[in-house]
Amino acid sequence: MRQVCQYVESMPADINVEKFCQLITSYIQFLYSQYDCDMKELANHPTERMAASAVIYSMFRKEIWMIGDCQCLVDGLLYENPKPYEEPIADMRSAFIRLALLNGASVDDFQTVDKGREFILPILIENCKNQNKTFAVIDGFPIPMKHVKVIPADNVQEIVLASDGYPILKPTLNESELALSSLVAEDPLFIRKFKATKGVMKGNSSFDDRTYIRFRA
């Protein structure tokens, strides 16, 4: 994430999305070479790669680029770019935990050790083999442009860019945080109204990392 941010800060303002994807891939490959990484091992085992998603607004091109699972609001209209298969995998975790709760387990048990997450982990790892095949991610391997979402943002008033840590993205940060807090209070395991591949662990305030920025275009 830090390396992607560093690259974005230094790249030409007029770069297009195709060139960005090519150059950020080359940059991550360069970092691998600096640490003598085994590229054959990384090719065969995607879970060993550095990986990040990004949602980028190009002021020059008046476009929003979505690479990986991120989201945005464009004048209040929601755009998402979720990983394929994540919804059915979340359904599997939900079913596993709900059955365990019916058989006497407690919510607290799963906030200490998420056995539902452990149950689906092999499937999540297997799905990583589809990185930059059925979905895009920045990981130092060629990014298929057909899985990069480009949203025209000409004549737009306000834009919100966010990570997928906000299940209900709202026009303000406060509203988004309140919506998240409401979900956490109602269903901390995220197995009912909003199903996720992980829940809120003990000591945490949410289930995933959160990034939110709102600005006038």
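The values are calculated or read from the model by the stated rules, or taken from the named source; none is laboratory data. Every value quoted in this text rests on a predicted model; they were computed, and no experiment measured them. In this analysis, Cβ positions are derived from the backbone assuming ideal geometry, glycine residues included, and neighbour counts consider all displayed protein chains. Just the protein is used for accessible areas: all its heavy atoms, side chains included, with ligands, DNA and RNA removed. Shrake-Rupley method; radii C 1.70, N 1.55, O 1.52, S 1.80 Å.
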- Message: Give the lysines reachable from residue 40 as a straight Cα distance under 22 Å; neighbours fewer than 8 places away on the same chain don't count.
- Response: 129, 133
- Query: Quick one: net charge of residue 46's neighbours, Cβ under 9 Å, K/R +1, D/E -1?
  - Reply: 0
- Query: Using the heavy atoms of the protein chains alone and a 1.4 angstrom probe, what is the accessible area of region 1-55 per residue in square angstrom?
  - Reply: 66
- About the Cα centre of the chain, how large is the charge dipole given +1 on each Lys and Arg Cβ and -1 on each Asp and Glu Cβ? Please answer in debye to the nearest 20. 200
- Message: Give the separation of the Cα centroids, region 41-112 to region 148-217, in Å.
- Response: 11
- Item | Residues of type aspartates and glutamates that residue 170 reaches as a straight line, Cα spacing below 16 Å, ignoring anything fewer than 8 places off in the same chain | 75, 80, 158
- Message: Probe radius 1.4 Å, ligands and nucleic acids ignored: give me the carbon and sulfur share of the accessible area of the chain as a rounded percent.
- Response: 53
- Query: Using r as the Cβ-Cβ distance of residue 47 and residue 100, and R0 as 22 Å, what FRET efficiency do you calculate, to the nearest 0.05?
  - Reply: 0.25
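Could you grab the relative contact order for the chain? Cα pairs under 8 Å, six or more apart, rounded to a whole percent. Could you put the intermediate results ahead of the total?
Numbers: 320 pairs, mean separation 56.2, N = 217.
This gives 26 percent for the chain.
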- Using 0.36 nm per residue of separation minus the Cα-Cα distance, give me the extension gain between residue 130 and residue 212 in nm, one decimal. 26.8 nm
- With the contact rule set at Cα under 8 Å and sequence spacing of 6 or more, what percent relative contact order holds for region 1-66? 35
- Message: Taking the alpha-carbon distance from residue 146 and a cut-off under 12 Å, which aspartates and glutamates remain once sequence neighbours fewer than 8 residues away in the same chain are dropped?
- Response: 18
- So, with points 7 Å from each Cα along the Cβ direction, the residue 19-residue 158 label distance in nm works out to 3.3
- Counting only residues 5 or more places away or on other chains, whose amide H sits under 5 Å from the amide H of residue 194 once H atoms are built in the peptide plane? none
- Query: In Å², what does the accessible area per residue of region 76-217 work out to with a 1.4 Å probe?
  - Reply: 56
- Task: Show 154, 208, 139 ordered by accessible area, largest first, where the area counts protein heavy atoms only and the probe is 1.4 Å.
- Result: 154, 208, 139
- Item | 222 nm mean residue ellipticity, helices alone, for the chain (DSSP H n ≥ 4; -39,500 (n - 2.57); rounded to 500) | -12000 deg cm²/dmol
